[in-house]
Amino acid sequence: MTLMSFTRDHVMDVYRYAERKGAIEAIEMAAADLGIGVGEMREAVRHLVDSRLLRPDDGAGERYAPVDPELAAASLVSTVEREIYRRRELIDQIKERVGLAEPSPGASRGTVDYLVGTMEVRGFLKTAGDACRDEVLVLQAGGVVEDLSETYLALVTRGVTVRIICQHRNRADIGTRMRMKRLTDAGASVYTVSHVPRSAIVFDRSLVVLFGVADAEANVARVHNQGIAQFFLDLFDHLWEMATPLEGIDFGYSGVADDLQQSIAVLMAKGYTDEVVARKLGMSVRSCRRHIATMMRDLDATSRFQAGVQAARKYLTTG
């Protein structure tokens, strides 16, 4: 049996030993405890460090602490995703230079292209974040390929301005509120509105990333067109003027009840069912029905449709 095959057979034993003990205090002592040679022990430790399952825990490099396997996997996957994206970008650039990447009939070269698949999308978003220098504007309607709060935190730390518009429903979820609070504490601006039509990110007022629908495979459209970018900038500014700052971590829809009821009323007046209203506003059907019941009671209405029409007229009159 070769040294390498012998080491592979004992890698998991070494990792379990580190987890059980809390750390590998000394290579020689751990090797004796496990009944393997010091050379094999050092090779197993080196393999685990390369795999990010162990990390040096002192200046001398003799003490090693175990890393949670999920965290190690996430770190490794993140690195792989980024490398995959960069390599594909390089291939695209080479193809374009040698004339292999011809646009489809009627298409404008370099204006819009698509990425499909979680790894592809994540790698692109990390690379776009790394390249961003001044400002990121976010429209978050739900269905984003992943929670991007860590990406936004890294941008804020680098001095990049981050402004986020999400839906009022984010106020009702404690986990989301806590992530948003971390962002606002770090310096990001987070506002909410009753409805965001589509998730999108604008990097440095020029690159637009438009996310696909929530129930499809992760996909984005990358748009390199200043006219389209300006449209999203105008849309963002319009929603920003109507939005409400997310301050603190108050429970529920504190501070946005009127805006939310107005949106519900308009949809009810159009004859939408509770389920459709809830889906359009990104909230649970139960929460939606609670708001409708309150509205009907306040207006002394006898039907949903009557309540919707009366409320819509009320908000049009007082708005």
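Charged neighbours of V276, selected by a Cβ distance under 14 Å, balance to +3 (K, R count +1; D, E count -1).
The slack between Y114 and R297, meaning 0.36 nm per residue of separation minus the straight C-alpha distance, is 61.0 nm. Taking a sphere under 14 Å around the Cβ of V38 and counting the other residues whose Cβ falls inside, with K and R at +1 and D and E at -1, yields a net charge of -3.
Taking K and R as +1 and D and E as -1, what net charge do the other residues with C-beta under 13 Å from the C-beta of L137 add up to? Counting the neighbours of L137, the net charge comes to -3. Please list, in chain and number order, the residues 5+ apart from V162 or on another chain whose amide H is under 5 Å from its amide H, with Hs placed from the backbone. Here the answer is V136, S189, since their amide H atoms fall under 5 Å of that of V162. Under a 5 Å amide H cut-off, with hydrogens placed 1.01 Å from N, S194 pairs with H168 among residues at least 5 apart or on other chains.
Computed from the coordinates by the stated procedures, all read-outs in this text should not be read as laboratory data. The structure presented is a predicted model; accordingly, all values stated were derived computationally and were not measured. Cβ coordinates were reconstructed from backbone atoms using ideal geometry, including for glycine residues, and neighbour counts include every protein chain displayed.
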